[in-house]
Amino acid sequence: MKKRRWLIGLMFGVIAILGLSTTPAHADQSSGAGFTMQIEKPANTIDETQSYFNLKVRPNQKQTLAIKVINLQDRQRTVRVTPVSAYTNDNVQVAYRPHVAAGQTLANYQFSDLVSGAQTVTVAPKATKVVKFQLRVPTHTFRGLIDGGFKAEGTDQKPAKAEKGFSINNRYALLMGATLQEDTKRVSPTLKLTAVTPKIVNQTTTLVANLNNAKPVLFGQMTIKSQVTKVGSDKVLHSQTKRNLTVAPSTAFGYRMDWNREPFKPGKYNLHLVATSGTKEWIFDQRFTISRQEAAELNQRGHNLKKSYLWLWILFGILLLILLLIAVYYYGRHQAKKSAE
């Protein structure tokens, strides 16, 4: 239970955005954003010690969720607050966006669909403004957790000055977590491996294992160890270990295994993958095939792949053999002439 509270507690923090990348949240980064958020705790809060919305709800319930936007600066700020839903991103970390694509969620409901739309507020210097959202709980009962929250981002942030032909634009956003439960009974996570596919990711060869957590439960502190062998061989061709992974409720995601910039080679392979989280362990063995055509097409799309010089060594060996045969031939003729004389 302590681990679960710790994990959900991470949902309240700051996302420091540089382009499309994110960094872990820290409470003191609210000064970078220039504002912060606090909730007005409803009566149906499950744990009063938490700083995010963790609510026990009932079917078809309607409720107002109030968030205080606090301006920490001496200038007026304009802030947009957007409801978001949880999903598991490509780095196997819980992340949030306004709408999660169908291929990334197994949930019947997304938090952002149960809450009224995004709002933009203007907050005077050193002042506070309350933003209210309307929540409507689904008519049908649901098990486990619906996970989401509210992302707040200043729309008036000033871009960095360009220097030497480029500029770095740091944008800060705050995330206030929100979870909904109809009961507090523990739900055990279930991890499944559904497919293994060779792909080109970020211009390099990558093996993607499609996994899903079919249960509506958030879990983390997960470690995944994976290795690839040829079918019928024990020699490990590729191996990888990733730690401190987190998985959103009812979510599907792709675990990426780096192919070390090596070109794909045709053949039959086996992926052995072991995932652990707390006392839970999942072990998968999945065979997959890379066809000659598939390998050629993917390798052509890849960049900076390691080159194989085997064909040069083969060519060098053939040329060396030809030279040796020629030398033996002329040596034989020379010896024959000497004998004839």
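The values are calculated or read from the model by the stated rules, or taken from the named source; none is laboratory data. Bear in mind that the values here come from a model prediction, so they are computed numbers and not experimental data. Ideal geometry is used to build each Cβ from the backbone, glycine not excepted, and the neighbour counts take in all protein chains shown.
A few remarks follow.
- Residues within segment 87-117 that are of a type outside the set (D, E, K, R), more than 21 Å from residue 66 (Cβ to Cβ) and assigned to a strand (DSSP E or B), tallied: 5
- Filter result for residue 215 (buried (at least 16 other Cβ atoms within 10 Å of the Cβ) and not aliphatic (A, V, I, L, M)): yes
- Filter result (under 19 Å from the mean Cα position of the chain (by Cα), part of a strand (DSSP E or B) and either more than 11 Å from residue 89 (Cα to Cα) or among the basic types (Lys, Arg) (or both)) within segment 241-273: 241, 242, 243, 244, 256, 257, 258, 273
- Within segment 205-224, residues that are at negative phi and in contact (Cβ under 8 Å) with a residue 60 or more places away in the chain reach partners that are aromatic (Phe, Trp, Tyr) and part of a loop (DSSP other than H, G, I, E, B) with beta carbons closer than 8 Å, at six or more positions or on different chains, in the pairs 205/259; 205/264; 207/259; 216/142.
- The set of residues in segment 169-199 being at pLDDT below 95, more than 30 Å from residue 79 (Cβ to Cβ) and of a type outside the set (D, E, K, R) consists of 184, 187, 188, 189, 190.
- Qualifying residue in segment 252-269 (condition: surrounded by fewer than 18 Cβ atoms within 10 Å (Cβ to Cβ), among the hydrophobic types (A, V, I, L, M, F, W, C), touching a residue at least 60 places away in the same chain (Cβ under 8 Å) and within 25 Å of residue 145 (Cβ to Cβ)): no
- Sole exception among (1) modelled with pLDDT under 95; (2) more than 30 Å from residue 180 (Cα to Cα) for residue 278, by number: (2)
- Residues in segment 274-294 that are in contact with a strand residue (DSSP E or B) (Cβ under 8 Å, 6 or more places away or on another chain) and outside any strand (DSSP E or B) were compared, and the one that is surrounded by the fewest Cβ atoms within 10 Å (Cβ to Cβ) is 278.
- Search result, residues across segment 15-67 that are at pLDDT 95 or above, assigned to a strand (DSSP E or B) and among the small types (Gly, Ala, Ser): 66
- Restricting segment 183-193 to residues that are over 17 Å from the mean Cα position of the chain (by Cα) and of a type outside the set (Lys, Arg) leaves a set whose member that is surrounded by the most Cβ atoms within 10 Å (Cβ to Cβ) is 189.
- Segment 18-45 residues that are outside the structural domain of residue 176 (by TED's automatic domain parsing) and of a type in the set (S, T, N, Q), paired with ones that are surrounded by 15 or more Cβ atoms within 10 Å (Cβ to Cβ) and modelled with pLDDT of 90 or more (beta carbon under 7 Å, 6 or more apart): none
- Summed over segment 116-156, the residues that are closer than 21 Å to residue 172 by Cβ, touching a residue at least 60 places away in the same chain (Cβ under 8 Å) and either surrounded by 13 or more Cβ atoms within 10 Å (Cβ to Cβ) or not β-branched (Val, Ile, Thr) (or both) give a count of 12.
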